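First up is the structure itself, then whatever we jot down about it.
Here, each number is a calculation from the coordinates, and none is a lab measurement. Just so it is clear, the model here is predicted, and its values are computed rather than measured. Methodologically, a virtual Cβ is constructed for each residue, glycine included, from the backbone with ideal geometry; neighbour enumeration extends over all protein chains shown.
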Amino acid sequence: MDIFYSRTSPGKRKVISGYSGEYGLLEFSRVVQEWVTKKGLTLNVENFIDGVSSTYHSNALQAGFQFTRYNMGNNISIEMHHNPLYDDPSIHWEIDEITGYPLESMRITFLDFLGEKGSSNIKLMKKKDSFAFGYHEGMFGPLGPNKGGNMSHTGSSYSMHAEEVCGVTIKDITLCGEMILTRG
């Protein structure tokens with residue numbers, strides 16, 4: 001509500017993208033499931049149970065679901081997406097004592113890509129003339145066998161390297177937010 005209050009009229013379709021680790025996606029689904037249960041809503045069995053092939057039974061079934069989108073009042077929705085960086089223990093070494101997962105796996109970053117007037121709020125920017133590439137050539141290069149040219153190594157291979165200076169810009173940061181687990 002804080003992101004859109006007094007900026008857009010109620011009823012205009014707004015989708016907020018939430019990015020989280022695997023644990024955060026499961027927690028989002030669990031919270032929505034609790035809300036459904038507390039409201040006394042009944043889930044239609046036909047949507048959650050389906051046939052599956054099995055060597056154990058000719059009429060085997062599968063069941064289950066996961067909430068990935070929550071539609072709120074005034075036609076605002078939160079749609080969850082996976083951000084694998086939040087799950088990487090080589091970057092996020094702090095582990096939650098209760099779950100055993102990185103604490104960052106529970107972080108949710110909310111981004112509104114469209115902005116207030118439907119224009120792009122978040123853009124990828126590339127620095128002018130920053131793209132560069134080259135190769136590390138051995139007995140072979142990108143054009144085939146090396147016949148008397150410069151070699152960097154004696155292997156029958158080459159490696160190609162490319163880079164570009166890029167960045168992300170957010171026009172209106174107040175259209176974004178984060179939920180971070182409180183420690184302690």
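Taking the mean number of other Cβ atoms within 10 Å as a proxy for protection, how do you rank 151-162, 170-181 from highest to lowest?
Working: 151-162: 11.6, 170-181: 13.6.
Answer by packing, highest mean first, reads 170-181, 151-162.
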Item to complete: First measure r as the distance between the Cβ atoms of N146 and I170, then evaluate 1/(1 + (r/R0)^6) with R0 = 41 Å and state the FRET efficiency to the nearest 0.05.
Response: 0.30
Discussion item. Between helix 22-38 and the chain, what is the angle of the helix's C-alpha long axis to the longest principal axis, kept within 0 to 90° and rounded to the nearest 10?
Written reply: 10
Worksheet item: From the Cα gyration tensor of region 70-159, with a ≥ b ≥ c the square roots of its eigenvalues, which class applies: rounded if a/c is under 1.5, or else prolate if a/b is larger than b/c, or else oblate?
Response: oblate
Worksheet entry | Label-point separation, H57 to A162 (7 Å along Cα→Cβ), nm | 5.2
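Using the Cα gyration tensor of region 132-184, with a ≥ b ≥ c the square roots of its eigenvalues, what is the shape: rounded (a/c below 1.5), prolate (a/b larger than b/c) or oblate (neither)?
Note, shape of region 132-184 comes out prolate.
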Worksheet entry | Selection from P142, L114, T99 lying farthest towards where the dipole of region 94-157 points positive, charges on Cβ | P142
Worksheet item: What pairs from K12/K39; K14/K38; K14/K127; K127/K171 go past 19 Å between their alpha carbons?
Response: K12/K39; K14/K38; K14/K127
Worksheet item: Beyond 19 Å, what share of the Cα-Cα pairs of region 4-113 remains, rounded to the nearest whole percent?
Response: 61
